[in-house]
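Heads up: the structure comes next, in C-alpha cells.
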Amino acid sequence: MKNAKPGLRSIQWFAREDIYGFLYRSWVKNRGVPQDQFDGRPVIGICNTWSELTPCNTHFRVLAEHVRHGILEAGGFPLEFPVMSLGETLLRPTAMLYRNLASMDVEESIRANPLDAVVLLVGCDKTTPALLMGAASVDCPAIAVSGGPMLSGKYRGTDIGSGTNVWSMSEDLRAGRVSLEEFHEAESCMHRSHGHCMTMGTASTMACMVEALGVGMPGNAAIPAVDARRHVLARMAGRQIVHLAKNQILLSKILTREAFENAIRALAAVGGSTNAVIHLIALARRIGVPLGLDDFDRAGRGVHTLVNLMPAGKYLMEDFYYAGGLPAVLRELGDNALLNRDSLTVNGKTLWENVKDAPCWNRDVVFPAAKPFKENTGIAVLRGNLCPDGAIIKPSAATPALMRHRGRAVVFESIEDFHRRIDDPRLDIDEHCVMVLKNCGPKGYPGMAEVGNMPLPPKLLKKGITDMLRISDARMSGTAYGTVVLHVCPEAAAGGTLALVENGDEIELDVERRKLELLVPKEILDKRKAAWKAPHPPLERGYWKLYHDHVLQACDGADLDFLVGKSGAFVPRDNH
Ligand code: FES
C-alpha cells in the first residue's frame, strides 16, 4: 500500500491484510477489479440519482460514465452507487416530503462505505439539496455535477418554458382561450430532450447555487444536458475529485458563510426560486453555518435581477448558457463589490479567479449591474402578526401594484377545499381580495407542497385579471409567478396565526416595509386560538410520522430536527 494516503478512509477497508481485507476486497473483485486497484488510490463514490421515475435525471447513467472516465484518468477508483431519487412531477404528495429522507440515504451510504470522496449527480429540484445535505453531514470532499437543463421548449414558433407555460396554458384552458388539442400538443413540445426544467425554476436555481457556492465546476449552472460540454464538465469533475480526495479538501472548506452569501446574491441576480431559501438554510445548518431567513434580506438587499429568464423574464436556460451563463452574472456581482471574491471553489481556484474574465455575449439575456433587468429584487422577508417567524415573497415574480395592498381574505382551509370552490361562479371574491390557503406547510400537507401559487378564479380570469395577492404556508414552484406570499411561519397546522384567519378579515401587505399584518384585534385572535384544534398527523406510523414529529418550520430549513449538523466521516466498526 505504498501509495496510500494516511487520511483516506478506504484504506481501513481495502488495505487490510487480514480476514477483513479478504472480505472487503474479494466481493468487489467479482466484476473484474484487479488487485492493483487496491493500492491505496482514492476511492470515489459516484452518487447517482438516475431513475425512470425522475424524468429529469434519466440521462445520468451516461453522465456517470463521464465522471468515471475522469476519475480513472486522474488515478482514482470509481464506485457508483444509487440513492433515493426525487422526481418533482410524479412524487406525491410532494417530493419535498422526501428531501430529508434522501439526504439520510446519502449521508449513511457515504459513511458506511469505503469512500474517500463523492461526486454527486444532481438534477431535478430536490435531488440537489438532498445530496448536498447528506454529504455535508459527512463533511467529505465532494463535487456536485448537475445534469443540466433541457433544450428550450418550442411550440408553434415560440419558446415555451417548463412549468411557467404550464401555469399560463392551464389558465388559458380554464378561461377557454386554448383547446384541449392545443394543450396536448404543447405537452409534447415543452419537454423534448433530456435534462431538468429549463426555466429559472428550482432545478436551474439550485444548479446556479451549486456553482455560486463553489461546490460545482465553473459552467455547472447552464450547460444544456445534451451539450457535449456537459459531459466534459462531468469528466473534469471526475478528475478534480481525485485531487480533492488526495488533499482532503473537505466540503466545510468550500461551504463557508462567505460562500452562502455569494449564493444568496446570485439567487437574487438570477431571479431564482424561493425554494432555494429553504434549501440553503438547511444545507448551511448541516455544515455548521448558522444561516437564517434575515440573511437573505440583508445579503440580497440591493442586488438587482440581471437575468432575463422565465418565470421573471422571457428567455430560457439554453439562451442563458449561450449568453455566458452564471460566470457572466458572478462577474457583474464581483465588479460591483457584491461577491466574496476569495471563496474557494472545488476546482482549486477562488470564485473570482473563475469568473473575473467571464464574457457576456448577449446583454438582452444577462443585463449589466449598472442597467439591470429588474431593480432590488432579492427575496423579501416579511414579518408581522400573520408571520411572526417570517414569510417570503419574490418581488421579481410579483405585480408591482400589489406590493402594497390591503384586501379582504377569502380563506381555503386546505388544497382540497380550494379545488372544490375555486371554479364556483358563486364564490364571493373579486380582484382586490386576498386568497389565503392553510394547512399546506411542512406538517400540514405533509411536506410543504408547491401549491402556494393558487390559480385565480375563472370568473376573474375571464375579466382579464392576471394576478392577485395570495398567502399560504406552502411553497411555490420555482417556475411559477405572481404576487404570492409563501412559507408563512409558523404554519397553520403548527398553530400559527394563519390558522386563525377567517373569511372577511382584512390583511395588509407592504413589501417595502417588509410587513404582513392580519388586521384583527388581538383579543379576537386570542379567542379564535383558544378554540383552535391541531389537525391530526396524516399518518400514525412510518416515515410520514417521523417527518411530522420532527420537521422544522420553513424558516429553519424544514430539515428534521435531529439531522441538523454533521457527524463527520468517521469509519464505523467492522461488520463481522
Ligand atoms: Fe424536474 Fe422541474 S420537474 S426539474
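The values are calculated or read from the model by the stated rules, or taken from the named source; none is laboratory data. Owing to the predicted nature of the structure, the values given are computational and were not obtained by experimental measurement. Heads up, the Cβs are rebuilt from the backbone with ideal geometry, glycines too, and the neighbour counts pull from every protein chain shown.
A few comments on the model shown:
- Sole residue being surrounded by fewer than 23 Cβ atoms within 10 Å (Cβ to Cβ) and either within 30 Å of R235 (Cβ to Cβ) or at pLDDT below 95 (or both), chosen from D364, D297: D297
- Residue match in the stretch 375-388 (condition: farther than 30 Å from A323 by Cα and among the acidic types (D, E)): no
- Residue match in the stretch 92-99 (condition: over 13 Å from the mean Cα position of the chain (by Cα) and among the small types (G, A, S)): no
- Residues located in the stretch 475-495, provided they are on the phi > 0 side of the Ramachandran plot and buried (at least 22 other Cβ atoms within 10 Å of the Cβ): G482, H487
- Checklist (1) without any contact (Cβ under 8 Å) to a residue 40 or more places away in the chain; (2) out of contact with any Phe, Trp or Tyr (no Cβ under 7 Å at 6 or more places or on another chain) applied to T274, failing item: (1)
- Subset of the stretch 235-281 [assigned to a loop (DSSP other than H, G, I, E, B) and at pLDDT 95 or above]: N247, Q248, I249, L250, L255, T256
- Any hit, the stretch 140-148, residues being without any contact (Cβ under 8 Å) to a residue 60 or more places away in the chain and either within 16 Å of the ligand (Cβ to nearest atom) or of a type in the set (K, R) (or both): no
- Yes/no for T274 being farther than 21 Å from V119 by Cβ, β-branched (V, I, T) and out of contact with any helix residue (DSSP H, G or I) (no Cβ under 7 Å at 6 or more places or on another chain): yes
- Which listed residue, of L552, L516, L498, is surrounded by 16 or more Cβ atoms within 10 Å (Cβ to Cβ) and out of contact with any helix residue (DSSP H, G or I) (no Cβ under 8 Å at 6 or more places or on another chain): L516
- Residue match in the stretch 166-182 (condition: under 20 Å from E65 (Cα atoms) and either within 15 Å of the ligand (Cβ to nearest atom) or in contact (Cβ under 8 Å) with a residue 12 or more places away in the chain (or both)): no
- Checking A212 against (1) away from the ligand (no atom under 16 Å from the Cβ); (2) more than 30 Å from L244 (Cα to Cα); (3) under 25 Å from the mean Cα position of the chain (by Cα), the condition it does not meet: (2)
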